[in-house]
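The values are calculated or read from the model by the stated rules, or taken from the named source; none is laboratory data. Bear in mind the structure is a predicted one, so any value in this text is a computation, not a measurement. Every residue, glycine among them, receives a Cβ derived from its backbone with ideal geometry; neighbour counts consider all protein chains shown.
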Amino acid sequence: MAVYKRGDRWHYRFQVGGQKISGTAGAAGGKADAVALEAKLRADILAGRLGKAPEHYLDDALRRWLSGEASRLRSYPAVVSQVRAIMAHSASTPITQIVAVAERVKQSGLDAGLAIATINRRLAALRRVAFLAHDQWGWLSDQLGPRIKLLPGEVKRHTYLTPEQVEYLADCCEHHVVALAIRLSARTGLRQGELLQADTIVDRAGNQQDQQAALGAGACRHGRPGAAAWPVVSDAAHALRARSGESRNAGATLA
């Protein structure tokens, strides 16, 4: 059978002239998508035998990206949603027209009043597919990725806790070491790994400018030992120093 379902994905498998061809329609694809891919690949193989360069379609490239590189992204569900929105503008479109599709996606998003960040995520997906199609898949003879431009004026969607919210969150903790870690992390910007692997706390005469955490090489992003200075209250630094042993063993509690 050329098309079959295994787990939650539809697959295709066939043989032409002794060459076995198989693949998947991806997490977002259904049976019809697998049938279409199988038929398209058969036609491409036949076209290649007749001396014609096979034509690749943008929807096929998007599905290949979803079933490959994109499937390992933490944001995969959001990526699937972005691709579905793109496919509303890419049906039966050769991948060589990816820049034109990007412009349609851009204008449609603006007309619908979508946030610039939302539009840019869809454009970024198209740009990534364009780079892969040229550099890795050989589906494009020209690199079209740089021609897909994101919209300017994107506002970063960062949310910061107020000091009152930090204190409320810490007060809700049953374990005092966890509460202390929350307060220090909020006041210093140290990541969890850095906070848990801090070897010493230095508090020179209560001078906030001199308070430091000595970090081992494994705790730093650059892989070298270092020191992170922070403006925290003296009693918090003293409490963490007094309980440094407990803090280093609190990984399971904070995870």
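Summary table
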{"item": "Flag for T118 being over 23 Å from the mean Cα position of the chain (by Cα) and surrounded by 12 or more Cβ atoms within 10 Å (Cβ to Cβ)", "result": "no"}
{"item": "Residue within region 71-86 that is more than 16 Å from D33 (Cα to Cα), modelled with pLDDT under 95 and touching a Lys or Arg at 6+ places or on another chain (Cβ under 8 Å) present", "result": "yes"}
{"item": "Conditions (1) in the same structural domain as Q19 (by TED's automatic domain parsing); (2) touching a helix residue (DSSP H, G or I) at 6+ places or on another chain (Cβ under 8 Å); number of the one not met by D60", "result": "(1)"}
{"item": "L132 touching a residue at least 60 places away in the same chain (Cβ under 8 Å) and either buried (at least 17 other Cβ atoms within 10 Å of the Cβ) or of a type in the set (F, W, Y) (or both)", "result": "yes"}
{"item": "Matching helices (runs of 4 or more DSSP H) fully within region 119-199 where at least 3 residues are at pLDDT below 85", "result": "176-188, 192-196"}
{"item": "Near pairs, Cβ below 6 angstrom, 6+ apart or cross-chain, from region 104-127 (farther than 20 Å from L66 by Cβ) to any residue that is hydroxyl-bearing (S, T, Y) and part of a helix (DSSP H, G or I)", "result": "none"}
{"item": "First in region 73-88 and within 12 Å of A124 (Cβ to Cβ), second anywhere and of a type in the set (S, T, N, Q) and not in a loop (DSSP other than H, G, I, E, B), Cβ under 9 Å, 6 or more apart", "result": "V79/S71; Q82/T118"}
{"item": "Scope region 60-92; condition farther than 20 Å from Q136 by Cβ and assigned to a helix (DSSP H, G or I); matching residues", "result": "P77, A78, V80, S81, Q82, R84, A85, M87"}
